[in-house]
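Structure first, commentary second.
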Amino acid sequence: MVSEEKLRQLKEEKDLLIAQCDLHRGIIAVEIARTRHSFDWFSRCSETFDRVRPWIPLAAPVAGFFMIRNWRTVLKWSGRTVGWKLLGRLIRF
């Protein structure tokens with residue numbers, strides 16, 4: 001048979017493992033909450049895009065008109081590197 005000392009030692013190890021398991025469950029719960037909080041911006045952006053989506057077909061031509069009308073300003077906004085790359089692509093085609 002198993003001695004009383006061995007049973008007591010096994011019970012202490014079991015209690016320690018249970019405590020460690022509870023600790024790790026708590027840590028995982030905190031990490032899940034932090035992850036959910038960090039991805040809240042994604043759901044807000046998705047909701048905003050869903051509200052704006054019906055207006056995109058109307059806004060795209062207007063935005064294109066203003067971009068063509070003020071193409072120098074658009075190139076300044078996009079930066080010299082991006083602007084020159086876009087211009088180079090347009091000239092090649």
query = Is one or more of the residues making up the range 39-48 modelled with pLDDT under 90 and either aliphatic (A, V, I, L, M) or part of a loop (DSSP other than H, G, I, E, B) (or both)?
reply = yes
task = Would you mind telling me which numbered condition in (1) closer than 30 Å to Leu90 by Cβ; (2) surrounded by 10 or more Cβ atoms within 10 Å (Cβ to Cβ) Pro61 fails?
result = (2)
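The values are calculated or read from the model by the stated rules, or taken from the named source; none is laboratory data. Since the model is a prediction, treat every value here as computed from it, not as a measurement. For neighbour counting, all protein chains shown are included, and Cβ atoms are generated from backbone atoms with ideal geometry for every residue, glycine included.
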